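Where a number appears in this text, it was derived from the coordinates with a stated rule and is not lab data. These figures come from a predicted structure and were not determined experimentally. Reconstructed Cβ throughout: ideal geometry from the backbone, glycine too, with neighbour counts over all protein chains shown.
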Amino acid sequence: MMNDVYEKFLKSSEEFIFAENKPEKSDIIFVPGNGYPQMAEKAAELFKKGMADWILPSGKYSVVNGKFSGVLEKSNVYNKEYGTEWEFLRDVLIKNGVPDQKILKEDQATFTYENAIYSRQVTDHAELEIERAILCCKSYHARRCLMYYQLLYPETEFYVVPVNADGITRENWRKNEEGIDAVTGELSRIVKQFSLMLER
């Protein structure tokens, strides 16, 4: 009986954290800041299929590190000196066939909530009405990312397209300590961060 309850808890946690949708034609593709190229590569793929008119990568660098901590994969392909996550993600998009004039700029955010806040400022400044949006993010980061963007774009319909960037997936997260830590860490951050935000 206890095993059944625990299994249900794990399954419901998994369903919650690993948010995912089939993308539909949207106004924009959001790519929250990071040092992995896979999310921007996926965004470029969707853009070239005609899934959106604009892409907005967002990010300065991690507030923890105080600087762009470098390209975490495919550094032989994306091998420039990047000052910000935005510069890196822009380079990934351009090298994957996205026209520079279709890439919006947000290079001030230092954590996920700021990605959403400053992205909203950018789209408002550009006078873009965002009715539908695609969100390309790391697989186990999907729910928290979606919740932040939904806070800033309450009228927007989002389609989450998660990407496996560092090996932790819906299928394997329970099988090693790194995956368990990543998913339970996301659950903890959602509870703590959103409870504080909703109290304000």
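Under a crude label model (7 Å from the Cα following the beta-carbon direction), how far is GLU129 from SER12 in nanometres?
4.0
What residues from segment 136-161 fall in the zone where the backbone N is under 18 Å from a label point 7 Å along the Cα-to-C-beta line of GLU20?
136-147, 158-161
Please name whichever of VAL64, ALA19, TRP54 sits farthest to the positive end of the charge dipole of segment 1-64, dipole taken about the Cα centre and charges placed at Cβ: Lys and Arg +1, Asp and Glu -1.
TRP54
Taking the Cα atoms of the chain, report the difference between the largest and smallest coordinate on each principal axis, in whole Å and largest first.
Dimensions of the chain along the principal axes of its Cα atoms: 58, 40, 34 Å.
Taking every Cα atom in segment 16-84, find the radius of gyration and the maximum pairwise distance Dmax, and write them in Å.
13.8, 37
Within 10 Å of each residue's Cβ, count the other Cβ atoms and sort ASP53, ASP27, ASP107 from fewest upward.
Fewest-to-most Cβ neighbours within 10 Å comes out as ASP53, ASP27, ASP107.
Take the alpha carbon atoms of segment 72-134, find their radius of gyration, then divide it by 2.2 N^0.38 Å using N residues; give the quotient.
1.24
So what is the diffusion coefficient of segment 137-200 in µm² per second by Stokes-Einstein at 10 °C and 1.306 mPa s, using a Kirkwood Rh over Cα pairs?
After rounding, the answer is 124 µm²/s.
Charges at C-beta only: +1 for Lys and Arg, -1 for Asp and Glu. How large is the resulting dipole of the chain about its Cα centre, in Debye rounded to 20?
The calculated dipole for the chain is roughly 240 debye.
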